[in-house]
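Visitor: This is the structure I want to talk about, given as structure tokens.
The values are calculated or read from the model by the stated rules, or taken from the named source; none is laboratory data. Here the structure is a predicted model, which is why all the values come from computation and not from measurement. Don't worry about glycine lacking a Cβ; one is built from the backbone with ideal geometry, like all the others, and counts go over all protein chains shown. SASA here: full protein model, heavy atoms, side chains in, ligands and nucleic acids out. Shrake-Rupley method; radii C 1.70, N 1.55, O 1.52, S 1.80 Å.
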Amino acid sequence: MRALIGIDIGGTKTAVSLGRDDGSIIDKIAFATEAVVEEVLSSIYSAVDELVIRHGAVISAIGISCGGPLDSKRGIIQSPPNLPAWKDIPIVELVQSRFGAPTFLENDANACALAEWYWGAGRGFESIIFLTFGTGLGAGLILDGRLYRGPSGLAGEVGHWRMAPDGPLCYYKKGSFESFASGCGISGLYEQHWGERLSAKDVCARAEAGEAKALGVINESAQMLGSGLSLLVDVLNPERIIIGSIFARSEHLFRPLMDEVMKEECLPLSLSICEVVPSALGEHLGDMAALGIARDHMIVEA
């Protein structure tokens, strides 16, 4: 059986999936992302070996998804904030030499965009944008039927946009888009305004329960989300914007004010052909994203 391998390297958990090119996951092994790089690599190798033996698989391609910064062209992870020990690790060379299968690396936002485009809410569209809206905020851009990386591989770093003179310190500066539309931002806004440090999940839960302080923070986030999406709509003219994580779980908290801002700010014709929707792949997104990298490169290189 020919199959794809997807490796999703996160700050706390790494998952190795065996799947098909239709996005279906045959089997998966997950484990804690240890602090020592060599231990994580050893666990990745063991997981791939086990999945291949368990299912009698032949690997067609391997996709690796990881938070940036990274160099996808050279296949190097460059010390992401949640993986500080991974400084200039040539992950593609290491994995490819170990298994002899074509191996490819993308940042997690690009990988999620590919998965949603192939198998999720972006299926059938030529131009979509995926926004992570998790701990941080990044964008994966599918433009005119291809993943757009930019010459330095840094396209889609919308979290770094300056949206206000001040705000929580996220993405290396206060007032960035990520300072408002991310887990870091929502948690930071609540602490900034009310002196209590809560997770974004807890802030959303309090907003659900009707707490005025939490609702105020969510409204501030939703307003900035609408402003940032308006820029994306006017500059890139996408057919769909797909948003994951916090938005996907709590869409109803953000949607009314977000829509209101977009109606005020966007070019009407551009907005008329663009729909903002939550991720369709839910909890499987990370695993399918890594498989999407492998599938994308197989198609491009075919």
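Visitor: From the residues in segment 288-302 that are β-branched (Val, Ile, Thr) and open to solvent by 20 Å² or more (accessible area, probe 1.4 Å), which one is modelled with the lowest pLDDT? It would help to see each step written out before you state the result.
Guide: Taking segment 288-302 as the starting set, the residues that turn out to be β-branched (Val, Ile, Thr) are 293, 299-300.
From what's left, open to solvent by 20 Å² or more (accessible area, probe 1.4 Å): 299-300.
Values: Ile299: 58, Val300: 49.
For segment 288-302, the residue satisfying everything is Val300.
Visitor: Kindly indicate whether Glu196 is assigned to a helix (DSSP H, G or I), at pLDDT 95 or above and not β-branched (Val, Ile, Thr).
Guide: Numbers: assigned to a helix (DSSP H, G or I): no; at pLDDT 95 or above: yes; not β-branched (Val, Ile, Thr): yes.
Criteria not met by Glu196.
Visitor: On the basis of being farther than 30 Å from Tyr172 by Cα and open to solvent by 70 Å² or more (accessible area, probe 1.4 Å), does Arg54 make the cut?
Guide: So Arg54 passes the test.
One line per residue, one yes/no per condition, for (1) in contact with a His (Cβ under 6 Å, 6 or more places away or on another chain); (2) of a type in the set (A, V, I, L, M); (3) more than 30 Å from Thr103 (Cα to Cα):
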{"position": "Glu239", "(1), (2), (3)": "no, no, yes"}
{"position": "Ile242", "(1), (2), (3)": "no, yes, no"}
{"position": "Arg255", "(1), (2), (3)": "no, no, yes"}
{"position": "Glu265", "(1), (2), (3)": "no, no, yes"}
{"position": "Ser270", "(1), (2), (3)": "no, no, yes"}
{"position": "Cys274", "(1), (2), (3)": "no, no, yes"}
{"position": "Ala290", "(1), (2), (3)": "no, yes, no"}
{"position": "Ile293", "(1), (2), (3)": "no, yes, no"}
{"position": "Asp296", "(1), (2), (3)": "no, no, no"}
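Visitor: Tally up the residues in segment 265-275 that are of a type outside the set (A, V, I, L, M), in contact with a helix residue (DSSP H, G or I) (Cβ under 8 Å, 6 or more places away or on another chain) and either closer than 16 Å to Asn219 by Cα or surrounded by fewer than 19 Cβ atoms within 10 Å (Cβ to Cβ) (or both), please.
Guide: At the first step, the residues of segment 265-275 found to be of a type outside the set (A, V, I, L, M) are 265-266, 268, 270, 272, 274-275.
Remaining after also requiring in contact with a helix residue (DSSP H, G or I) (Cβ under 8 Å, 6 or more places away or on another chain): 265-266, 270, 274.
Imposing the further condition that a residue be either closer than 16 Å to Asn219 by Cα or surrounded by fewer than 19 Cβ atoms within 10 Å (Cβ to Cβ) (or both) reduces the set to 265, 270.
Summing the residues that are of a type outside the set (A, V, I, L, M), in contact with a helix residue (DSSP H, G or I) (Cβ under 8 Å, 6 or more places away or on another chain) and either closer than 16 Å to Asn219 by Cα or surrounded by fewer than 19 Cβ atoms within 10 Å (Cβ to Cβ) (or both) in segment 265-275 gives 2.
Visitor: Go through segment 1-39 and give me each residue that's in a strand (DSSP E or B), open to solvent by 10 Å² or more (accessible area, probe 1.4 Å) and touching a residue at least 40 places away in the same chain (Cβ under 8 Å). Spell out the reasoning first.
Guide: Taking segment 1-39 first, the residues in a strand (DSSP E or B) are 2-9, 13-19, 25-32.
Still in the running and open to solvent by 10 Å² or more (accessible area, probe 1.4 Å): 2, 8, 13, 25-32.
Residues satisfying the conditions are Arg2, Asp8, Ile25, Lys28.
Visitor: Please pick out the residue among Gly124, Gly140 that is on the phi > 0 side of the Ramachandran plot and at pLDDT 95 or above.
Guide: Details: Gly140 fails: on the phi > 0 side of the Ramachandran plot.
Of Gly124, Gly140, the one residue that is on the phi > 0 side of the Ramachandran plot and at pLDDT 95 or above is Gly124.
Visitor: Here is a follow-up. Give the residues of segment 205-231 that are among the hydrophobic types (A, V, I, L, M, F, W, C), within 20 Å of the chain's Cα centre (by Cα) and crowded, with 21+ Cβ neighbours inside 10 Å, sorted by residue number.
Guide: Let us first name the residues in segment 205-231 that are among the hydrophobic types (A, V, I, L, M, F, W, C), namely 205, 207, 209, 212, 214-215, 217-218, 222, 224-225, 229, 231.
Going one step further and asking which of them are within 20 Å of the chain's Cα centre (by Cα), we end up with 222, 224-225, 229, 231.
Across segment 205-231, the qualifying residues are Ala222, Met224, Leu225, Leu229.
Visitor: Mind listing just one residue for me: the one in segment 88-111 that is under 17 Å from Gly10 (Cβ atoms) and open to solvent by 20 Å² or more (accessible area, probe 1.4 Å) and, of those, modelled with the highest pLDDT? It would help to see each step written out before you state the result.
Guide: First pass over segment 88-111, keeping only residues under 17 Å from Gly10 (Cβ atoms): 89, 91, 95, 105-111.
Subsequent filtering for residues that are open to solvent by 20 Å² or more (accessible area, probe 1.4 Å) retains 89, 108.
Values: Ile89: 96, Asp108: 91.
In this case the residue turns out to be Ile89.
Visitor: Tell me which residues, restricted to segment 263-289, are of a type in the set (A, V, I, L, M) and over 19 Å from Gly122 (Cβ atoms).
Guide: Of the residues in segment 263-289, the ones of a type in the set (A, V, I, L, M) are 267, 269, 271, 273, 276-277, 280-281, 285, 288-289.
Leu267, Leu269, listed by residue number.
Visitor: Would you point out which residue out of Gly122, Gly185, Gly159, Gly136 is in contact with a strand residue (DSSP E or B) (Cβ under 8 Å, 6 or more places away or on another chain), touching a residue at least 40 places away in the same chain (Cβ under 8 Å), in a helix (DSSP H, G or I) and of a type in the set (Gly, Ala, Ser)? Lay out the reasoning, then the answer.
Guide: Numbers: Gly122 fails: in a helix (DSSP H, G or I); Gly159 fails: touching a residue at least 40 places away in the same chain (Cβ under 8 Å); Gly136 fails: in a helix (DSSP H, G or I).
Only one candidate qualifies: Gly185.
Visitor: Give me a count of the residues in segment 46-66 that are under 13 Å from Leu4 (Cβ atoms), assigned to a helix (DSSP H, G or I) and not β-branched (Val, Ile, Thr).
Guide: Taking segment 46-66 as the starting set, the residues that turn out to be under 13 Å from Leu4 (Cβ atoms) are 48, 51-52, 55, 57-65.
Checking the rest, the ones that are also assigned to a helix (DSSP H, G or I) come to 48, 51-52, 55.
Adding the requirement that they be not β-branched (Val, Ile, Thr) leaves 51, 55.
Looking only at that region, the number is 2.
Visitor: Another question, if that's okay. For segment 61-81, which positions are surrounded by fewer than 17 Cβ atoms within 10 Å (Cβ to Cβ) and under 18 Å from Ala139 (Cβ atoms)? Before the answer, list the steps.
Guide: Going residue by residue through segment 61-81, those that are surrounded by fewer than 17 Cβ atoms within 10 Å (Cβ to Cβ) are 69, 73-74, 78-79, 81.
Of everything in segment 61-81, those that are surrounded by fewer than 17 Cβ atoms within 10 Å (Cβ to Cβ) and under 18 Å from Ala139 (Cβ atoms) turn out to be Pro69, Pro81.
Visitor: While we're here: Here are some conditions: (1) touching a residue at least 12 places away in the same chain (Cβ under 8 Å); (2) in a helix (DSSP H, G or I). Glu106 meets all but one. Which one does it not meet?
Guide: (2)
Visitor: As an exercise: evaluate Ala57 against (1) in contact with a helix residue (DSSP H, G or I) (Cβ under 8 Å, 6 or more places away or on another chain); (2) within 17 Å of Cys112 (Cα to Cα) and give the number of the one condition it does not meet.
Guide: Condition not satisfied by Ala57: (2).
Visitor: Moving on. Evaluate segment 276-287: report whether one residue or more is of a type in the set (Val, Ile, Thr), surrounded by fewer than 21 Cβ atoms within 10 Å (Cβ to Cβ) and more than 21 Å from the chain's Cα centre (by Cα).
Guide: Residues of segment 276-287 of a type in the set (Val, Ile, Thr): 276-277.
Filter once more, so that each one left must be surrounded by fewer than 21 Cβ atoms within 10 Å (Cβ to Cβ): 277.
Among the residues that remain, those that are also more than 21 Å from the chain's Cα centre (by Cα) are: none.
No, there is no match, as no residue in segment 276-287 is of a type in the set (Val, Ile, Thr), surrounded by fewer than 21 Cβ atoms within 10 Å (Cβ to Cβ) and more than 21 Å from the chain's Cα centre (by Cα).
Visitor: Hey, among the residues in segment 147-156 that are free of Cβ contacts under 8 Å to residues at least 12 places away in the same chain and not polar (S, T, N, Q), which one's least open to solvent (accessible area, probe 1.4 Å)? If you could, list the steps in order and put the result at the bottom.
Guide: First, the residues of segment 147-156 that are free of Cβ contacts under 8 Å to residues at least 12 places away in the same chain: 148, 150-152.
Still in the running and not polar (S, T, N, Q): 148, 150-151.
Numbers: Tyr148: 108, Gly150: 16, Pro151: 113 Å².
Ranking the qualifying residues of segment 147-156, first place goes to Gly150.
Visitor: Here is a further query. Look through segment 127-136, keep the residues that are surrounded by fewer than 24 Cβ atoms within 10 Å (Cβ to Cβ) and over 17 Å from Ala155 (Cβ atoms), and return whichever of them is modelled with the lowest pLDDT.
Guide: The extreme case among them is Thr135.
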